[in-house]
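Reading through the structure tokens given below for one structure.
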Amino acid sequence: MKCEICGNKATTICPRCYRYVCENCIDPVAMYCIDCSSFKRAQEEDYIRIVETLRKKIEFIESSMEKCFDCPLLKDEVMRSMRILKELEVTAKSEGFENLLDKILSIKDKIQNIGINYLVKFKMRSLESG
Ligand SMILES: [Zn+2]
Ligand SMILES: [Zn+2]
């Protein structure tokens, strides 16, 4: 079989696009062909950008928690951020995006704490108001 990228003797099959590829055309780290691995890298960078945006948002939520506790938007943002992060974590694990996973884990505790704080405060409030 010939490498479907450069035409040399193929040694393996890319697990993502199922093309025959030679050892020069496979990324030894990702184990994908060079086309797929560059696509995957771009994809991971894209996700990392989302996580960065999320991190800024979470920091903002944290700093405005006291004064904006009653803002309905804040609660939506907390819930939404938790959901996005959870989805990205699943993606990072199934795709083997190590860098992305690191970034996610570095803010996961923070957003979970905010979520818990929020629920506790919310409960306290409703108890106080009867
Ligand atoms: Zn491929
Ligand atoms: Zn090749």
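The table below lists the values:
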item	result
Unique match (being assigned to a loop (DSSP other than H, G, I, E, B) and hydroxyl-bearing (Ser, Thr, Tyr)) among Tyr18, Tyr47	Tyr18
Pairs, first in the same structural domain as Asp46 (by TED's automatic domain parsing) and in a helix (DSSP H, G or I) in the range 104-130, second of a type in the set (A, V, I, L, M, F, W, C) and exposed (fewer than 12 other Cβ atoms within 10 Å of the Cβ), C-beta under 6 Å, six or more apart	none
Members of the range 7-44 that are within 11 Å of ligand 2 (Cβ to nearest atom), surrounded by 13 or more Cβ atoms within 10 Å (Cβ to Cβ) and over 26 Å from the mean Cα position of the chain (by Cα)	Asn8, Ala10, Thr11, Thr12, Arg19, Tyr20, Val21, Cys22, Cys25
Lone qualifier among Glu52, Glu98 - being closer than 30 Å to Cys3 by Cβ and either of a type outside the set (Phe, Trp, Tyr) or without any contact (Cβ under 8 Å) to a residue 40 or more places away in the chain (or both)	Glu98
Close pairs (7 angstrom Cβ cut-off, 6 or more residues apart or separate chains): over 22 Å from Asn99 (Cα atoms) and without any contact (Cβ under 8 Å) to a residue 12 or more places away in the chain in the range 11-35, within 13 Å of ligand 2 (Cβ to nearest atom) and outside any loop (DSSP other than H, G, I, E, B) anywhere	Ile13/Tyr20
So Ile48, is it surrounded by 13 or more Cβ atoms within 10 Å (Cβ to Cβ) and within 12 Å of ligand 1 (Cβ to nearest atom)	no
Selected residue (criterion: nearest to ligand 1 (Cβ to nearest atom)) from residues of the range 1-23 that are β-branched (Val, Ile, Thr) and farther than 22 Å from Ser94 by Cβ	Val21
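Okay, residues lined up against (1) in a helix (DSSP H, G or I); (2) more than 14 Å from ligand 1 (Cβ to nearest atom); (3) exposed (fewer than 15 other Cβ atoms within 10 Å of the Cβ):
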position: Asp70; (1), (2), (3): no, yes, yes
position: Glu77; (1), (2), (3): yes, yes, no
position: Arg83; (1), (2), (3): yes, yes, yes
position: Lys86; (1), (2), (3): yes, yes, yes
position: Glu89; (1), (2), (3): yes, yes, no
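The values are calculated or read from the model by the stated rules, or taken from the named source; none is laboratory data. On a predicted model such as this, the values are computed, not experimentally measured, just so you know. All Cβ positions, glycine included, derive from the backbone under ideal geometry; neighbour counts span all protein chains shown.
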